[in-house]
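Here is the structure we will look at.
Nothing in this text is a laboratory measurement; each read-out follows from the coordinates by a stated rule. Keep in mind the model is a prediction, meaning the values are calculated, not measured. Counting neighbours? That spans all protein chains shown, and the Cβs are built from the backbone with ideal geometry, glycine included.
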Amino acid sequence: MLAERGVDVPEDARERITGCDDPQILSRWLRRAVTVLKAEEVFERR
């Protein structure tokens with residue numbers, strides 16, 4: 001999602017995302033990925 005939107009995804013963020021096996025967390029990150037400007041924002045607590 002991030003890359004498709006043209007958001008740069010650093011290797012550490014890519015590894016964190018692909019290494020996550022919790023469906024709830026992945027779902028939360030996916031919803032955030034639709035609007036963030038930086039990959040790091042996906043992980044921020046809101």
How many nm is it between the label spots at Asp8 and Thr35, if each spot is 7 Å from the Cα in line with the beta carbon?
2.4
Going by C-beta contacts inside 10 Å, put Val7, Val34, Val42 in order with the fewest on the left.
Val34, Val7, Val42
Over the chain, calculate the relative contact order: mean separation of alpha carbon pairs under 8 Å at least 6 apart, over the residue count, as a percent.
46
